[in-house]
Amino acid sequence: MSEQPVLLPYADPAFVADPHPLYRQLREEGPVRRVVAAGALEAWLVTRYDDALAALSDARLSSDVRDASDARLLRQLPEAERESLLSNMLRSDPPDHTRLRRLVSQAFTARRVAAMRPRIQTLTDRLLDALAPAGRADLVADFALPLPVTVISELLGVPVDDRHDFQHWTDRLIRRGVRAPDPAVVDEAWRHMRAYVTGLIREKRAEPGDDLLSGLVTARDEEQRLSEDELVAMVFLLLAAGYITTVNLIGGGIAALLTHPGQLDLLRSDPALLPGAVEEFLRYDGPVSPGIARFAREDVEIAGVRVPRGATVLIGSAVADRDPARFPDPDRLDITRRDNAHLAFGHGIHYCLGAPLARLEGEIAIGTALRRLPGLALAVRPEEIDWRPGGLRGPESLPVTFVP
Ligand code: HEM
């Protein structure tokens, strides 16, 4: 393809506030567009639904960064940590992927997750109890963030009080590449995360409990089903994947409702619409945006476009989720939408392991907030909402008012 790559302009506040006009332009221009994404890395963006769906189950597209020809992708990771950072299921292909996923998949089945409902409801109510007297809050810092962090910490068996620590360092890592930070700062963040995670593992070895992390330590020590690097990588992945995106679903979902009063009224009048509303938030402005990275293991043709071996393929799930060929009137937020098979959780063998948990947390958090915070309204103008730049989309903060 001969066109110049298009920059995804994360320094442009208009793009950060609403990337969808550019996504739309790219989708209309072609099924595969070369883009320069965060951190000056070049990628081939798949823009349309059918192609994105096919690409997500194409075994020629690898999840392993070591298949990328752009050496900067690997160099972004500090050498000492590289091996362990790349040993997680998200960045592995079969057979390692299959083995690693199987180790934890039981903890995330629909049945296991449904049993967590009462606990998630209690945690949600507690957070809202603390907010209620004030009449104003930042719904990200005070609600959308602490809820998933606490849920995943409890599931893993990690002390909830540690959350400020790992939140701080994961936050630094997520931002890398967007604001081109000093590599020394990134190295420091990785070192801290590793020290933190190895400390947790040490504690579980000494004093195992009835939690996921203890189960993983047993799988490592007694059954040799994973290496020490894989164990560290798994814990880090579950901690990070288990909350950042869910914060964005809750914060972004509430933001979407507060900027679409008709949809808010509809949902208030019929709470049975809640599960469909959560699906629509995921489709309309998914937390993984523009999409999911893969690396071409060989030359491949996608929608008639030749993508060279080693290229980074960015499967534009958030772009495809507004493809008018798949979703009628795609730019309209419609919580009653039917046939809403969005790609926000991916597709194929890497389909989000935490999807049932994220859906449940989203439903409980958003539903309870609407019920318990009467008169909920934005305390800033919609265009003043501060969105996080980069591949994990969501509001940084959400100042609101309500009747105490
Ligand atoms: C994978 C999105 C919540 C754990 C994925 C993938 C996506 C995604 C798009 C596929 C990545 C790929 O194909 O390379 C989301 C969104 C969430 C969410 C939008 C919230 C709204 C969670 C939660 C957990 C979790 C709560 C809990 C631990 C994982 C794991 C994987 C994954 C472990 C890797 C699965 C694999 O490689 O087989 N997620 N996720 N996610 N997600 Fe989520």
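The values are calculated or read from the model by the stated rules, or taken from the named source; none is laboratory data. Since this is a predicted model, take the numbers as computed values, not measurements. Using ideal geometry, Cβ is built from the backbone for each residue, glycine included, and neighbour counts are taken over all protein chains shown.
A few notes on this one:
- Residue that is nearest to the ligand (Cβ to nearest atom), among those in region 257-304 that are more than 11 Å from Leu343 (Cα to Cα) and among the β-branched types (Val, Ile, Thr): Val278
- Residue within region 364-377 that is more than 11 Å from the ligand (Cβ to nearest atom) and charged (D, E, K, R) present: yes
- The residue pairs whose first member lies in region 71-90 and is among the small types (Gly, Ala, Ser), whose second member is modelled with pLDDT under 75 and within 16 Å of the ligand (Cβ to nearest atom), and whose beta carbons are closer than 9 Å, counting only pairs six or more residues apart or on different chains, do not exist in this structure.
- Unmet criterion (only one of (1) under 24 Å from the mean Cα position of the chain (by Cα); (2) under 30 Å from Ile335 (Cα atoms)) for Asp211: (2)
- Test: residue in region 326-339 that is more than 11 Å from the ligand (Cβ to nearest atom), in contact with a Leu (Cβ under 8 Å, 6 or more places away or on another chain) and among the aliphatic types (A, V, I, L, M): yes
- Looking across Arg102, Arg82, Arg91, Arg24, one residue alone is within 13 Å of the ligand (Cβ to nearest atom), surrounded by fewer than 19 Cβ atoms within 10 Å (Cβ to Cβ), over 15 Å from Ile302 (Cα atoms) and under 22 Å from the mean Cα position of the chain (by Cα). It is Arg102.
- Leu77 being of a type in the set (A, V, I, L, M, F, W, C), away from the ligand (no atom under 14 Å from the Cβ), closer than 30 Å to Leu155 by Cβ and not in a strand (DSSP E or B): yes
- Filtered residues of region 112-126 (kept if more than 14 Å from the ligand (Cβ to nearest atom) and either modelled with pLDDT under 90 or among the β-branched types (Val, Ile, Thr) (or both)): Thr122, Thr124
- Looking only at region 349-360, and only at residues there that are in a helix (DSSP H, G or I) and near the ligand (Cβ under 7 Å from one of its atoms), the one that is farthest from Arg136 (Cα to Cα): Ile349
- Within region 127-170, considering residues that are more than 23 Å from Phe236 (Cβ to Cβ) and in contact with a Phe, Trp or Tyr (Cβ under 8 Å, 6 or more places away or on another chain), the one nearest to the ligand (Cβ to nearest atom): Leu127
- For region 361-404, the set of residues classified as surrounded by 21 or more Cβ atoms within 10 Å (Cβ to Cβ), over 22 Å from the mean Cα position of the chain (by Cα) and not in a loop (DSSP other than H, G, I, E, B) consists of Val400 only.
- Among residues of region 241-254 that are within 13 Å of Leu360 (Cβ to Cβ), those with a beta-carbon under 6 Å from a residue that is more than 8 Å from the ligand (Cβ to nearest atom) at least six positions away or on a different chain give the pairs Ile250/Ala144; Ile250/Ala365.
- Residues (over 11 Å from Ala311 (Cβ atoms) and in contact (Cβ under 8 Å) with a residue 40 or more places away in the chain) located in region 30-39: Gly30, Pro31, Val35, Ala37, Ala38, Gly39
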